[in-house]
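Each remark here refers to the structure printed beneath this line.
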Amino acid sequence: MLKLKLDKPLAVFDIESTGLNRKLDRLIDLALIKFWPDGRTESFTFRVNPERPIPPDATEIHGITNEMVKDCPTFQQVAPRVAEVLKDCDLAGYNILGYDIPLLSEEFTRAGLPFDMQGRRVLDAQRIFHKKVPRDLPAALAYYCGELHLDAHDAMADVQATVRVIEGQFERYADLPPDMEGLDEFCNPRHPDWVDRTGKFKWVNGEVVVNFGKKQGTSLIEIARTDSGFLKWMLKGDFQPDAQEIAKNALDGKFPRPPAA
């Protein structure tokens, strides 16, 4: 059992998909284990038709063929149920900040149910692992648990392996925070001036400015007024959902409020 002090449900999840492009590729398998503060657990698996052929190189990795998904529902059909399962949950997984959360967010957007990350804390076992011993999930399982991950890239097997890795990390590292607030800060350190998780926007003298590329240092309000194409480009690009939400809101004339002093 996870040695975490939970104040809300925690969903540990993993995705198998048609490829590695978080913006364009499509979900095939979504597996998760939901941990409740009272100790209960629930397991869920959603297999969907990605509405496009599964490339052979993707099938070679996860073993899911076009024949296996031809009669499955689409993500749009299962999206309300997935949203219900994930409602009010913090999130955990392996490399979910880099891959699973952005891809899942795209799927929800296509289904007409935007996935709100506001208020969700994230435990990414890869971030902990890479800070301690940089490797991948099978190596993490071997390092922390002394086990071979024989079913790599089976979604539920990956979820179960991730749970065991997290358990092993708490056994090994006594200094890990025991609560999601501390773990979120450990996995996702943020500069106090950042507006979004990855620092694409930051606060300067109470105003939001762009913090990357050719527009670095330019006021978000000014960009929305004179160069909306830049914000539209961000919405089509490979940016984290919270940064894209800021860009989308700016196009609608809505801007973040300055942080409290």
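The values are calculated or read from the model by the stated rules, or taken from the named source; none is laboratory data. Since we're looking at a predicted model, the values are computed, not measured. Please note: Cβ atoms are built from the backbone with ideal geometry, for glycine as well, and neighbour counts cover all protein chains shown.
Worth pointing out:
- Selection from segment 198-249 of residues that are basic (Lys, Arg) and within 23 Å of the chain's Cα centre (by Cα): Lys200, Lys202, Lys232, Lys236, Lys248
- All positions within segment 31-40 that are touching a residue at least 24 places away in the same chain (Cβ under 8 Å) and either over 22 Å from Cys72 (Cα atoms) or part of a loop (DSSP other than H, G, I, E, B) (or both): Lys34, Phe35, Trp36, Pro37, Gly39
- Condition met for Ala142 (touching a His at 6+ places or on another chain (Cβ under 8 Å), surrounded by fewer than 20 Cβ atoms within 10 Å (Cβ to Cβ) and either hydrophobic (A, V, I, L, M, F, W, C) or over 19 Å from Thr41 (Cβ atoms) (or both)): yes
- The set of residues in segment 1-30 being within 17 Å of Thr65 (Cα to Cα) and in a strand (DSSP E or B) consists of Ile15, Glu16, Ser17, Leu27, Ile28, Asp29, Leu30.
- From the list Leu104, Leu91, the one residue that fits, being under 26 Å from Lys248 (Cα atoms) and part of a helix (DSSP H, G or I), is Leu104.
- For segment 250-261, the candidate set comprises residues that are aliphatic (A, V, I, L, M) and loosely packed, with under 11 Cβ neighbours inside 10 Å; within that set, the residue that is nearest to the chain's Cα centre (by Cα) is Ala260.
- A count restricted to segment 120-147 and to residues that are closer than 14 Å to Asn188 by Cα and not in a helix (DSSP H, G or I) stands at 5.
- Given (1) in a helix (DSSP H, G or I); (2) modelled with pLDDT under 95, number of the condition Ala247 does not satisfy: (2)
- Among the conditions (1) at pLDDT below 95; (2) under 20 Å from Trp36 (Cα atoms); (3) surrounded by fewer than 19 Cβ atoms within 10 Å (Cβ to Cβ); (4) among the charged types (D, E, K, R), the only one that Arg135 does not satisfy is (2).
- The residues of segment 50-81 that are more than 12 Å from Asp29 (Cα to Cα), assigned to a helix (DSSP H, G or I) and either more than 24 Å from the chain's Cα centre (by Cα) or charged (D, E, K, R) (or both), listed by number, are Pro56, Asp57, Glu60, Asn66, Glu67, Arg81.
- Considering segment 148-177, the residues that are in contact (Cβ under 8 Å) with a residue 12 or more places away in the chain and in a loop (DSSP other than H, G, I, E, B) include one that is surrounded by the fewest Cβ atoms within 10 Å (Cβ to Cβ), namely Tyr173.
- Of all residues in segment 108-132 being of a type in the set (Phe, Trp, Tyr) and out of contact with any Leu (no Cβ under 7 Å at 6 or more places or on another chain), the one that is surrounded by the most Cβ atoms within 10 Å (Cβ to Cβ): Phe129
- Residue that is farthest from Asn249 (Cα to Cα) [pool: residues in segment 107-126 that are modelled with pLDDT of 90 or more and not hydrophobic (A, V, I, L, M, F, W, C)]: Gln126
- Answer residue from segment 103-137, given it is within 16 Å of the chain's Cα centre (by Cα) and basic (Lys, Arg) and is farthest from Ala243 (Cα to Cα) among those: Arg127
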